[in-house]
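K.L.:
Below is one structure. I have some questions about it.
The values are calculated or read from the model by the stated rules, or taken from the named source; none is laboratory data. None of the values given here were measured: they were computed from a predicted structure. Every residue, glycine as well, gets a Cβ built from its backbone with ideal geometry; the counts of neighbours run over all protein chains shown.
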Amino acid sequence: MTALRQLRLVAILEGLSYLLLLFIAMPLKYLAGLPLAVRLVGSAHGLLFVLFLAALLRAAVARRWSLGRASLAFVSSVVPFGTFVFDRSLQREIATTPTP
């Protein structure tokens, strides 16, 4: 799997886990008194975020991204729905990359 495809896959999973944490687990904790939801989803999200950082580093080095592009990818991961907006540019980059 190429570095870009790996980044895209991990970013989508990380973005989904972030949305689950924010919009399902957190309300369950504070509105329904179920803190276990945050513990479970938060742990999964934390692991996916670490994997995202590793995939981002791999892609940034392999594609020789500027610090600005890599920073934009990072910032998009901490803004709700940002990963999915950044995914469009990843799709374009994958589409224009020649296959070996």
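K.L.:
Would you mind finding the one in GLY42, GLY15 that is assigned to a helix (DSSP H, G or I), modelled with pLDDT of 95 or more, surrounded by 13 or more Cβ atoms within 10 Å (Cβ to Cβ) and in contact with a Ser or Thr (Cβ under 8 Å, 6 or more places away or on another chain)? Let's see the steps before the verdict.
P.N.:
On the way: GLY42 fails: in contact with a Ser or Thr (Cβ under 8 Å, 6 or more places away or on another chain).
The match here is GLY15.
K.L.:
In addition: Could you say which residue among MET26, MET1 is farther than 13 Å from ASP87 by Cα and outside any helix (DSSP H, G or I)? Explain how you work it out, then say what you get.
P.N.:
Details: MET26 fails: outside any helix (DSSP H, G or I).
Every option except MET1 fails the conditions.
K.L.:
Give the residue, chosen from VAL41, VAL75, that is over 24 Å from THR99 (Cα atoms), touching a residue at least 12 places away in the same chain (Cβ under 8 Å) and of a type in the set (Val, Ile, Thr).
P.N.:
Being over 24 Å from THR99 (Cα atoms), touching a residue at least 12 places away in the same chain (Cβ under 8 Å) and of a type in the set (Val, Ile, Thr) holds for just one of VAL41, VAL75, which is VAL41.
K.L.:
Is at least one residue of the range 33-41 over 17 Å from the mean Cα position of the chain (by Cα) and β-branched (Val, Ile, Thr)? Before the answer, list the steps.
P.N.:
Step one: list which residues in the range 33-41 are over 17 Å from the mean Cα position of the chain (by Cα), which gives 33-40.
So of that shortlist, the ones also β-branched (Val, Ile, Thr) come out as 38.
There is at least one residue in the range 33-41 that is over 17 Å from the mean Cα position of the chain (by Cα) and β-branched (Val, Ile, Thr).
K.L.:
So, in the range 83-100, of the ones that are within 14 Å of ALA73 (Cα to Cα) and in contact (Cβ under 8 Å) with a residue 24 or more places away in the chain, which residue ends up surrounded by the most Cβ atoms within 10 Å (Cβ to Cβ)?
P.N.:
We begin by selecting, within the range 83-100, every residue within 14 Å of ALA73 (Cα to Cα); these are 83-91, 93.
This time we only want the ones that are in contact (Cβ under 8 Å) with a residue 24 or more places away in the chain, so: 83-84, 86-87, 90-91, 93.
Values: THR83: 24, PHE84: 14, PHE86: 22, ASP87: 16, LEU90: 18, GLN91: 12, GLU93: 16.
My answer is THR83.
K.L.:
Give the residues of the range 59-68 that are assigned to a helix (DSSP H, G or I) and surrounded by fewer than 16 Cβ atoms within 10 Å (Cβ to Cβ), sorted by residue number.
P.N.:
Step one: list which residues in the range 59-68 are assigned to a helix (DSSP H, G or I), which gives 59-62, 67-68.
Hits for the range 59-68 are VAL61, ALA62, LEU67, GLY68.
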